[in-house]
Amino acid sequence: LPLCFPEKLWEMLESGQFQSIWWTEGGKCVAINKDLFEVEVLGREGQQVFHTQKIKSFTRQLNLYGFAKVQRDFQRSASLPEFLAEEAAASAHSQILYYYNPSFNRAYPWLLRMCKRR
């Protein structure tokens with residue numbers, strides 16, 4: 001049987017083959033480098049992991065399976081040089097998307113079966 005979307009995502013995260021997607025926060029969230037993911041995963045010729053080449057369709061699948069986008073807040077420094085350095089880091093960091101699903105947790109693989117399409 002072909003794997004469903006959450007199972008494919010899990011296999012991808014556990015494989016270590018992709019630099020564009022990884023576990024964060026002790027395996028509670030999925031982090032995706034949007035630009036790299038579009039090239040590395042969605043842009044693959046011949047052997048597509050997911051049946052889409054668009055990040056918008058991929059994120060729609062995440063939402064259909066109960067994943068919620070998580071915002072990251074950064075504390076800003078008062079000094080101008082530190083503030084500018086942090087702004088540059090935050091700008092690069094804005095390409096990273098974070099998604100959370102309470103049933104998608106690296107420490108509890110048996111919860112994966114709870115990830116049902118809405």
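The values are calculated or read from the model by the stated rules, or taken from the named source; none is laboratory data. Predicted, not measured: the structure shown is a model, and the values here were computed from it. Reconstructed Cβ throughout: ideal geometry from the backbone, glycine too, with neighbour counts over all protein chains shown.
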Looking across segment 14-26 at residues that are surrounded by 15 or more Cβ atoms within 10 Å (Cβ to Cβ) and out of contact with any strand residue (DSSP E or B) (no Cβ under 6 Å at 6 or more places or on another chain), the single one that is nearest to Y108 (Cα to Cα) is W23
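Out of segment 43-61, which residues are in a loop (DSSP other than H, G, I, E, B) and surrounded by 12 or more Cβ atoms within 10 Å (Cβ to Cβ)?
Let us first name the residues in segment 43-61 that are in a loop (DSSP other than H, G, I, E, B), namely 43-54.
Those that are in a loop (DSSP other than H, G, I, E, B) and surrounded by 12 or more Cβ atoms within 10 Å (Cβ to Cβ): R44, Q48, V49, F50, T52, Q53.
Quick one: is Q95 in contact with a strand residue (DSSP E or B) (Cβ under 9 Å, 6 or more places away or on another chain) and modelled with pLDDT under 90? Write out each step before concluding.
Working: in contact with a strand residue (DSSP E or B) (Cβ under 9 Å, 6 or more places away or on another chain): yes; modelled with pLDDT under 90: yes.
The answer is yes for Q95.
Output the number of residues of segment 48-60 satisfying the condition of being under 12 Å from the mean Cα position of the chain (by Cα) and either of a type in the set (G, A, S) or modelled with pLDDT under 95 (or both).
First pass over segment 48-60, keeping only residues under 12 Å from the mean Cα position of the chain (by Cα): 55, 58-59.
So of that shortlist, the ones also either of a type in the set (G, A, S) or modelled with pLDDT under 95 (or both) come out as 55.
Summing the residues that are under 12 Å from the mean Cα position of the chain (by Cα) and either of a type in the set (G, A, S) or modelled with pLDDT under 95 (or both) in segment 48-60 gives 1.
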Across segment 1-35, the tally of residues that are aliphatic (A, V, I, L, M) and in contact (Cβ under 8 Å) with a residue 40 or more places away in the chain stands at 5
Report task. Might you let me know whether segment 67-85 holds any residue that is over 19 Å from S15 (Cα atoms), modelled with pLDDT of 75 or more and not hydrophobic (A, V, I, L, M, F, W, C)? Result -> yes
